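The values are calculated or read from the model by the stated rules, or taken from the named source; none is laboratory data. All values reported here derive from a predicted model rather than from experimental measurement. For neighbour counting, all protein chains shown are included, and Cβ atoms are generated from backbone atoms with ideal geometry for every residue, glycine included. Note: areas computed on protein heavy atoms with side chains; ligands, DNA, RNA excluded. Shrake-Rupley method; radii C 1.70, N 1.55, O 1.52, S 1.80 Å.
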Amino acid sequence: MYSIFIGSLLLSLLHAVIPNHWLPVLAIGKKDNWTLQEVTKVTFISGLAHALSTVVIGIVLGLLGLQLANKIEYFTHFIAPAVLVLLGAFFIYQHHRHKHFHLHKTPEAALPKNKIILALVVAMFLSPCMEIEAYFLLAGAHGLLAVLSIAALYLTISVSGMVLWVRLAYKGILKLNWHTLEHKSGIITGWTLVITGIISFFIS
């Protein structure tokens, strides 16, 4: 479980940093002169919607992993780590093809505020983080408590991280090359999955 928790922690932190999870809110807020409190609130709501949809899928996969672990003896040792490695290889491949794995459209700022917020929340809910779902599947082999622990870890770090980053960026404290960061996140995610899968194979 240590490798699963560490991998989930790293991906949750990366997920919170990825700018296209909160940069649209910041861009619209700055353009429409939203206060820091308004930007924070919208980021929290849209981030929570995004995390909840991810967790719902994750719990379903975790329960599937639990059933497979009970019925297939070699699931924990062979299949689950292989899923992590293959998924990691996929994201590395996507990175080299310059394909980002999160695509969020920024609503036009000319719309009324409530419609902009609704569009952001719906868009985030309908684009769950698929990178971390393999960890839910793997955690399922260790029981429901492990799955719920991953869910709590992911939800807490992702949402709080998004809120923290957007507040720092709003105040001008945070100044990074967001395009480069988003571009590199694909390969970081991929190698995190691959390494976790390899470790899980040897220690499971």
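Overview of results
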read-out	value
Complete set of residues in segment 24-49 that are of a type in the set (Ser, Thr, Tyr) and not in a helix (DSSP H, G or I)	Thr35
Test result for Leu52, open to solvent by 50 Å² or more (accessible area, probe 1.4 Å), at pLDDT below 90, under 30 Å from Ala141 (Cα atoms) and assigned to a helix (DSSP H, G or I)	no
Filtered residue count, segment 8-33, keeping only those that are buried (at least 18 other Cβ atoms within 10 Å of the Cβ) and either free of Cβ contacts under 8 Å to residues at least 40 places away in the same chain or small (Gly, Ala, Ser) (or both)	4
Set Phe90, Phe101: member being open to solvent by 10 Å² or more (accessible area, probe 1.4 Å), at pLDDT below 70 and not charged (D, E, K, R)	Phe101
Where Ile116 falls short, out of the listed (1) open to solvent by less than 10 Å² (accessible area, probe 1.4 Å); (2) modelled with pLDDT of 80 or more; (3) within 18 Å of the chain's Cα centre (by Cα)	(3)
Filtered residue count, segment 135-150, keeping only those that are open to solvent by 10 Å² or more (accessible area, probe 1.4 Å), under 14 Å from Val56 (Cα atoms) and among the hydrophobic types (A, V, I, L, M, F, W, C)	3
